[in-house]
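Worksheet: one structure, shown below.
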Amino acid sequence: MTDSPRELSVTTLIDAAPDTVWRVMTERMAEWWCPKPWTVTLDEIDLRSGGRCAMTMHGPEGETMPTDGIFLEVVPGRRFVTTDAVVRGADGRLAASGPFMIGGWEIAPEGSGTRFTGWARHWTDEAQKQHEEMGFIPGWGAVAEQLKALCEAG
């Protein structure tokens, strides 16, 4: 085990109350989840610890990127955390999967607004590097800005 969390993260200050940000984060996920012009289909979102988190991202050239996993932690009004290391099988039981990351989306009050932080922790240095090379910072940064715009629009 290493002391390094192998973490990549982005953060932004949103000029909206935490309850507004949480509502948009959880109820309008398809509108901010992936950077435009990509879109996402929420295949199954069971927003509770142990619930399934499955979606398919769609690229402008017809690309599809399905992801499946579970919510490890859901703290209403604060954060949700997912992983692709575990999936919920058709029989409802948990099964091991090919781990890439643990992802967290969290908010905290800051001044009159809300601090949003999105982070990803990786099992290996190679996975972290791969995620960086895939465009983590610009991609998750765009997602944070999309979330911010939705929250600030009301």
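Values in this text are rule-based calculations from the coordinates and carry no lab data. All values derive from a computational prediction rather than experimental measurement. Cβ sites come from the backbone with ideal geometry, for glycine too, and all protein chains shown count toward neighbours.
Observations on the structure shown:
- Between the range 122-152 and the range 1-49, the C-alpha centres lie 10 angstrom from each other.
- Helical runs (DSSP H, four residues minimum) scored at -39500 (n - 2.57) apiece and divided by the length of the chain put the mean residue ellipticity at 222 nm at -7500 deg cm²/dmol.
- Seen from a random direction on average, the alpha-carbon convex hull of the chain projects onto 9.6 square nanometres.
- Across the range 59-145 the C-alpha pair distances fall into 10 Å bins from zero in the proportions 14, 39, 34, 12, 1 percent.
- Using a cutoff of 8 angstrom between alpha carbon atoms and counting only pairs six or more residues apart, the relative contact order for the range 7-152 works out to 31 percent.
- Distance in nm between pseudo-label sites at Ile137 and Ile45 (7 Å out along the Cβ direction from Cα): 2.8
- Charge dipole (Cα centre; +1 on Lys/Arg Cβ, -1 on Asp/Glu Cβ; no other charges) of the chain amounts to roughly 340 debye.
- With the simple model of a label 7 Å out from the Cα in the direction of the Cβ, Ala153 to Ala90 spans 3.9 nm.
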